[in-house]
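**Student:** Sharing a structure here in structure tokens format.
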Amino acid sequence: MASYCPECGGELTYDPAVKQYVCKSCGIMFTSQQLMEERDRMWARKESGSDQRKKRQKEYLQWWLSKKG
């Protein structure tokens, strides 16, 4: 599944004794469900940032074109 910790970026390994993923760097533990939810949140943040950038570009273009006329 995920190979990097969403908190610190460290390597994740699966511990079958506790049935969770454990970060080798910070020691935080995640279930597979928690990792999927975190991945979804990360994608949502990336998409919203991209949408905001496109909106700013469009607003700037409209402003720039209005100054040319």
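**Student:** Determine if segment 9-16 includes at least one residue that is part of a helix (DSSP H, G or I) and surrounded by 10 or more Cβ atoms within 10 Å (Cβ to Cβ).
**Tutor:** Within segment 9-16, not a single residue is part of a helix (DSSP H, G or I) and surrounded by 10 or more Cβ atoms within 10 Å (Cβ to Cβ).
**Student:** Being under 11 Å from the mean Cα position of the chain (by Cα) and not hydrophobic (A, V, I, L, M, F, W, C) is the filter here; which residues of segment 36-66 pass it?
**Tutor:** Answer for segment 36-66, where residues must be under 11 Å from the mean Cα position of the chain (by Cα) and not hydrophobic (A, V, I, L, M, F, W, C): Glu37, Glu38, Arg39, Asp40, Arg41, Arg45, Lys46, Glu47, Ser48, Gly49.
**Student:** Residues of segment 19-50 being hydrophobic (A, V, I, L, M, F, W, C) and within 16 Å of Cys5 (Cβ to Cβ), which ones?
**Tutor:** Val22, Cys23, Cys26, Ile28, Met29, Phe30, Leu35, Met36, Met42
**Student:** Report, by residue number, each residue of segment 1-30 that is at pLDDT below 85 and touching a helix residue (DSSP H, G or I) at 6+ places or on another chain (Cβ under 9 Å).
**Tutor:** Met1, Ala2, listed by residue number.
**Student:** For segment 37-69, give me each residue that is in contact (Cβ under 8 Å) with a residue 24 or more places away in the chain and not acidic (Asp, Glu).
**Tutor:** Selection gives Arg39, Met42.
**Student:** Here are the criteria: (1) loosely packed, with under 12 Cβ neighbours inside 10 Å; (2) more than 16 Å from the chain's Cα centre (by Cα); (3) at pLDDT 90 or above. Tell me which single one Gln33 does not satisfy.
**Tutor:** Unmet condition: (2).
**Student:** Follow-up. Conditions first: (1) part of a helix (DSSP H, G or I); (2) at pLDDT 90 or above; (3) of a type outside the set (Ser, Thr, Tyr). Lys46 passes all but one, so which condition is the exception?
**Tutor:** Here Lys46 meets the rest and fails (2).
**Student:** In segment 34-44, which residues are over 20 Å from Gly10 (Cβ atoms) and of a type outside the set (A, V, I, L, M)?
**Tutor:** Asp40, Trp43
The values are calculated or read from the model by the stated rules, or taken from the named source; none is laboratory data. Source: prediction; values computed, not measured. Here Cβ is always computed from backbone atoms with ideal geometry, including for glycine, and neighbour counts include all displayed protein chains.
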